[in-house]
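Student: Before I ask anything, here is the structure I am working with.
What follows draws every value from the coordinates through simple rules; no lab data is involved. Note that the coordinates shown come from a computational prediction; the quantities given were computed from them, not determined experimentally. Positions of Cβ are generated from backbone atoms using ideal geometry, with glycine treated the same way; all protein chains shown enter the neighbour counts.
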Amino acid sequence: MPRKIALGGRYSRDLFNRHGDLRHIRRLRFWPMNKKRSSVSQCLLHAWINSAPRSLEPSLSPQDQKPETQLDREKEEIKRGARSCV
């Protein structure tokens, strides 16, 4: 970490020495995991993460979609014929 950043904060003297190296903190507190806290697997099942569709198939552009009606098929044949004339 750059010295300027390490020594620039309010508590920097407590956490870093004058060279910007991390001090050995003797009274470091341990915070156990809260039993109410969600696990990683529970977080992955949350609605915010799962709201996107799971399909990885690319969406088709209008040009890639097949004509569905007889009228659409006839229009496509006319377009192909017009392209061959040009």
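Student: Report the residue count in region 1-49 for those that are of a type in the set (S, T, N, Q) and assigned to a loop (DSSP other than H, G, I, E, B).
Tutor: 4
Student: Sticking with this one: Looking at region 1-48, which of its residues are of a type outside the set (Ser, Thr, Tyr), surrounded by 10 or more Cβ atoms within 10 Å (Cβ to Cβ) and within 26 Å of the chain's Cα centre (by Cα)?
Tutor: Scanning region 1-48 gives 43, 44, 45, 46.
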